[in-house]
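Notes follow once the structure below has been shown.
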Ligand SMILES: Cc1cc2nc3c(=O)[nH]c(=O)nc-3n(C[C@H](O)[C@H](O)[C@H](O)COP(=O)(O)O)c2cc1C
């Protein structure tokens, strides 16, 4: 087999939180949903990610309440344990893999963040990353004694000053922090979000359903990064990638269909409702998407929701069909269904086309689908010289190949 | 079950941030049969003990792990979640020690009430996880918290879960006593009286184990607490001198092993 040692390395992140990325994934016969509350599970998947030579394990986080007041479906209201706790626990049973925690700047003071993340970087021996988010769900406010969540632009302005203040605290820290500070990561789509990423992020997590989406996003971000005087090559763009693997494409499609069968129409609509933060119970699935109702009642910014719905609504697609299709491309991320060889080829094609620097792997169900990836796709990528066989160093910064700390970031 | 003699230690040593040092100290304490390892102290906070606790949950298997949690720089929603996760990952071996520090009067008490309220928003056995029916949990067993105290207003419920211990073990320190009427454990200095189900006397590794044992049998104290200075050496001495006072422990969670099951409160 041809190996090209000079070809760009593919970066891999593992998004391992919860029960997998299909809302029906936990119902897979081999899924182990109850284990996501046990240390055994995190030991197993942490070591698996490290065996697959992933840069990092990444966890999202939401600070709103689910399952209260009957709005959230009994089948979707998955409790999520605190991501920092899960990640540092995995640090104790792994040696190299980075650990990226999503922490909101809207509901943490700079002091809380600085101390929490400094501790995380120290106890993990320099493997900490911070996915800097501003929170998206309006109902989060009530958990922090506030009536309303600040507007998005105010949240991003606060993010800028919070990161600057935390950076100042890290620079003054008495106990050395292995990486100086955690690696900065960003996930956000709006203009404000992208500008924030351009100034601050060393890696970016985003959805990109197609290779063209990926190229457009990465090109835009690289331009924004260059425009603020930073080197675009020092930033990794890591779109989400859900996947279903089987020996042949046909078998993968059948496996996918069987898994999606477990999500009935009601569940699909509930999943969509939760994403749009709007109550869709009582809506007729066979009627057109109730665009007016949704825009009037959503708790999310209307323009964001309109962006997702305007196209399908204008085509007269029914609510049921839209919800069913939505579940098939979870939250706008790419979904791969096929053989290990096809998957490796697809990943290489995306990277070589400039659509991304790597992928945030989102197994459709856990842990079996991740095991398949590590056992069957990782060796192919390694054979082709596109995935390292060993970790280059100890810290997440080394693993991401980021080079020295950019001193003026966030200053 | 007879009353157990409890052994507890604490450290605010910044080296607890260092995985190599932390691993050796925690494992020595565990080998020594120490019941509780308190991370952080009222007068020293070089780290966020809740973060260390998550790591310690994976790095230990028997010892009770307790985080000092300062009211001034914590929020009940974050605290309830972080500690719930630690309790899951440690199989019910965790505790917390709220600190008032220089926060306004009553703030730490408000934090304790809010955090407990968030845990109580989830009934035990809320999860169903039935693949056949597709029911993951019973939503009728999850309630809003609506805590409104003088300092914290929290709608809830917390998006975590009720910890395996129900409420993780509540420890208060006589050096910074938080006014909880129903603490599980109080770390008291000589002559100090604090309401708690068990009182551990803060003493030194050089004190007389025989005299300590007598006070335990008279019911004056329930065990001993040591602040580690030279951690490895102190732990070795504690094991040698006070270890013989400790009987075998039975039970799954820390509460059960220490005879402090939550049901006794009801
Ligand atoms: C792929 C992706 C993942 C995200 N994950 C989280 C998350 O886990 N927690 C969170 O609070 N916000 C998350 N966000 C929200 C963003 O961080 C951002 O604060 C919010 O979406 C509003 O900004 P935007 O319109 O720029 O995306 C995510 C956004 C994207 C695009």
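Readers should treat all values here as calculations from the given coordinates under stated rules, not as data from a laboratory. None of the values given here were measured: they were computed from a predicted structure. Please note: Cβ atoms are built from the backbone with ideal geometry, for glycine as well, and neighbour counts cover all protein chains shown.
Sorting A:345, A:256 by the number of Cβ atoms found within 10 Å of their own Cβ, with the fewest placed first, yields A:345, A:256. Listing A:22, A:271 from fewest to most neighbouring C-beta atoms within 10 Å gives A:271, A:22. Computed from the C-beta positions of residue B:21 and residue B:262, the FRET efficiency with R₀ = 35 Å rounds to 0.55.
Among the residues of A:108-119, the average count of other protein chain beta-carbon atoms within 10 Å of the residue beta-carbon is 4. Largest first, the extents of the alpha carbon coordinates of the stretch A:237-303 on the three principal axes equal 46, 35, 16 Å.
What is the Cα centroid distance between the stretch B:69-145 and the stretch A:264-327, reported in whole angstrom? Computed from Cα coordinates, the inter-centre distance equals 33 Å. The slack in the chain from residue A:390 to residue A:248, taken as 0.36 nm per residue of separation less the alpha-carbon distance, amounts to 48.2 nm.
Structure remark: mean-square fluctuation, Gaussian network model of chain B, C-alpha springs under 10 Å; the largest value among B:247, B:234, B:13 belongs to B:247. With the simple model of a label 7 Å out from the Cα in the direction of the Cβ, residue A:219 to residue A:111 spans 4.8 nm.
For the options B:139, B:32, B:59, a Gaussian network treatment of chain B with springs between C-alpha atoms closer than 10 Å singles out B:139 as fluctuating the most. Per-residue mean of foreign Cβ neighbours for B:42-55 is 6 (Cβ atoms of other chains, 10 Å radius). Between B:179, B:251, B:166, where does the largest GNM mean-square fluctuation fall for chain B, given springs only between Cα atoms within less than 10 Å? Most flexible of the set in this elastic network: B:251. Please give the helix B:76-89 orientation as an angle from the longest Cα principal axis of chain B, in degrees from 0 to 90, rounded to the nearest 10. Here the helix axis deviates by roughly 70 degrees.
If the chain linking residue A:291 and residue A:40 were pulled fully straight, counting 0.36 nm for each residue of separation and taking away their Cα-Cα distance, it would gain 85.9 nm. Taking the DSSP beta bridges with both ends in the protein assembly as shown, the antiparallel portion is around 10 percent.
Histogrammed with a bin width of 20 Å, the alpha carbon distances of the protein assembly as shown distribute as 18, 52, 26, 4, 0 percent, first bin at zero. Pairs of Cα atoms nearer than 8 Å and 6+ residues apart set the relative contact order; for the stretch B:134-242 it is 14 percent.
Each of B:194, B:16 has some number of other Cβ atoms within 10 Å of its Cβ, and from fewest to most they run B:194, B:16.
With respect to chain B, whose longest principal axis is taken over its alpha-carbon atoms, helix B:231-242 is tilted by about 70°. Modelled this way, with points 7 Å down the Cα-to-C-beta line, the labels at residue A:7 and residue A:307 are 3.3 nm from one another. In chain B, the longest principal axis of the Cα atoms and the axis of helix B:107-120 are about 60 degrees apart.
Pairs of Cα atoms nearer than 8 Å and 6+ residues apart set the relative contact order; for the stretch A:99-138 it is 65 percent.
Considering only alpha-carbon pairs that sit under 8 angstrom and 6 or more positions apart, the relative contact order computed for chain A is 27 percent. The convex hull built on the alpha-carbon positions of the stretch B:1-135 has an orientation-averaged projected area of 10.8 nm².
The alpha carbons of the stretch A:322-369 give a radius of gyration and a Dmax of 12.2, 33 Å, in that order. On the basis of the beta-carbon distance and an R0 of 25 Å, residue A:265 and residue A:30 show a calculated FRET efficiency of 0.50. Here the label points at residue B:43 and residue B:208, each 7 Å from Cα along the C-beta direction, are separated by 2.7 nm in the simple model. Dimensions of the stretch A:238-381 from C-alpha coordinates, computed as largest minus smallest value along each principal axis and given longest first, are 50, 32, 26 Å.
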